[in-house]
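Any read-out appearing in this document is the output of simple, stated calculations on the displayed coordinates, not a laboratory observation. Note that the structure is predicted; figures quoted are calculated from it, not measured. All Cβ positions, glycine included, derive from the backbone under ideal geometry; neighbour counts span all protein chains shown.
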Amino acid sequence: MRIQGISGSRGVAVGNVYRYIQEEIVIPDYTVAEDQVEAEIGKFAAAMASTLKQLDTIRQKALKEMGPEEAAIFEAHMQIAQDPSLSDGIKSLVESSHTNVVAATAQTIETFANIFLGMEDPYMRERGADIKDIGDRLMRNMLGMNPRGLSHISGEVILVAHDLAPSDTASLDKNVVKGIVTAAGGPTSHAAIMARTLEIPAVMGVGDIEGFDKELKCLDLPSEMNPFLGYRAIRISLNRPDIFKVQLRALLRASAFGDIHIMYPMIASVEEVKQANAMLEECKAELTAEGKEFNKDIKVGIMIEVPAAAVISPILAKYVDFFSIGTNDLCQYTLAVDRMNESIGALYQPLHPGVLRLIKHVIDASHEQDKFTGMCGELASDPVATMILLGLGLDEFSMTASSIPLIKKILRSVSKAECEEVANKALSMDTAEEITDYAKSVLAEKGLL
């Protein structure tokens, strides 16, 4: 049986399958009598105390075994759990509607999580899973259930689950769990990040996943047949200056304290850049009039993730300071492939000749006008693509911290001339498979793969 998904952590593993199924939380449906409201809220306080104690234990384990970056995940979880807006929302439902505390927690967590799950940015979407993890722990403690965890597993196994919460991953033993396969999740999830830190091979998103954005309920957006091609990103920003200008003003004010850049997402036309820049100039004028400091020379760029933007990049370069190629969406839009769809996942090929030619076109367009191009998609952290991308002239690689050592090793072991030769040869090939095999062979010859 062959299963395909998205690489969450590189490597090869062999072991017996261990299917991780959590005991389902059954939400009680009783209402709370007026004289029992205080006692019901007391259950929340007790569960919160247990939750914070458990999270701190996990945090300490993560700090010892994985490092401060991973431990910070659970420190953030503790802060979220103690956020007054979360506890106030739960208590309010119990007091005003006499909803039982478990149901109130489920409703409040769902509301908070959906705000993040509906966001465009993959990293921010994954934070919705973090909130659900906190809620899951709270409710299990309220109901007296065993907390999530994988410390009980023995032997050498391939862990198979629908999804893994950060606390699941933090509790596993890499001497026992040799590989991870999940139906949901992706490379930006904390589970994937922690798997990379532990150097456990992981494949995410192997099935049972919708490949389109969820509804962003906090903005009361209309339902759409195809959100990937709909009202999102810069399209919302330009239509909602009341939101967009607040964001721009915040970025400008932050620029007085450090070197930050502004980047517009999902640009498809020059008109969009002009409109966005006009709003930015309005914000600059307002701040100047208010006597607020900001970097007047702040750099402004755009995400190149729509094929149209890649094609007209020589024109767009006139209006911005830099490009950042978002390969995840650029590949999906260019190849008309939903990478989360298990039926066509194999057609998602970042090294497809068409995608590589678009990347080259964008980089060349920026360099011709003395601008720079970075890359923030998964391809930037793929060692197989490193020499090709450097040979194409990519100026900046953006990736998770755990991916840096291998990519840095490759970059330090090759010359620019070698990379240009590899890139030119790759561009002459007909298929993604040929390009991938060729790039792997070059790295293998150098002992880098």
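Tabulated results
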| item | result |
| --- | --- |
| Ranked 337, 14, criterion: other C-beta atoms within 10 Å, fewest first | 14, 337 |
| Segment 241-331: C-alpha gyration tensor shape, a/c 1.5 cut-off, then a/b vs b/c | prolate |
| Rounded tilt (10° steps) of 353-368 against the dominant C-alpha axis of the chain | 70 |
| Degrees, to the nearest 10: 122-143 long Cα axis against longest axis of the chain | 10 |
| Long-range Cα-Cα pairs in segment 286-388 (distance over 19 Å), rounded percent | 49 |
| Cα-based equivalent ellipsoid of segment 301-449: semi-axis lengths in Å, sorted from largest, via gyration tensor | 22, 19, 14 |
| Exposed trypsin sites (Lys or Arg not before Pro) absent - longest run of the chain, DSSP non-H/G/I/E/B, at most 15 other C-beta within 10 Å | 3-173 |
| Answer label for Cα extents along the principal axes in Å (calculated), chosen among (1) 75, 69, 40; (2) 74, 52, 50; (3) 74, 64, 41 | (3) |
| Sorted by Cβ density within 10 Å, fewest first, the residues 381, 428 | 428, 381 |
| Longest DSSP-loop-exposure-free segment, chymotrypsin sites (Phe, Trp or Tyr not before Pro), the chain, at most 12 other Cβ within 10 Å | 31-256 |
| Reachable lysines from residue 409, criterion Cα separation under 18 angstrom, eight or more residues apart if same chain | 440, 446 |
| For the chain, built as a Gaussian network whose Cα springs stay under 10 Å, the top-fluctuating residue of 46, 310, 365 | 46 |
| Segment residue 34-residue 19, extension gain: residue separation times 0.36 nm, minus the distance between their alpha carbons | 1.0 nm |
| Kirkwood Rh in Å, taken over segment 110-200 so that all alpha-carbon pairs contribute | 13.9 |
| Helix 270-289 vs. the chain, principal-axis angle (Cα, 0 to 90°, nearest 10) | 70 |
| Two-decimal Rg to Rh for segment 72-142 - Kirkwood Rh, Cα set | 0.99 |
| Label-to-label distance, nm, for residues given as residue 361 and residue 121 (7 Å Cα→Cβ offset) | 2.9 |
| Cα lying deepest toward the dipole's positive end in the chain, options 320, 182, 351, charges on Cβ | 351 |
| Among 393, 336, 363 the positive-end extreme of the charge dipole of segment 328-427 (Cβ point charges) | 393 |
| Separation of alpha-carbon centers, segment 53-115 and segment 170-187, rounded to whole Å | 23 |
| Gaussian network model of the chain, springs between alpha carbon atoms under 10 Å - residue of 81, 336, 192 with greatest fluctuation | 336 |
| Alpha-carbon radius of gyration plus Dmax, which is the widest Cα pair, for segment 22-166 in Å | 16.1, 53 |
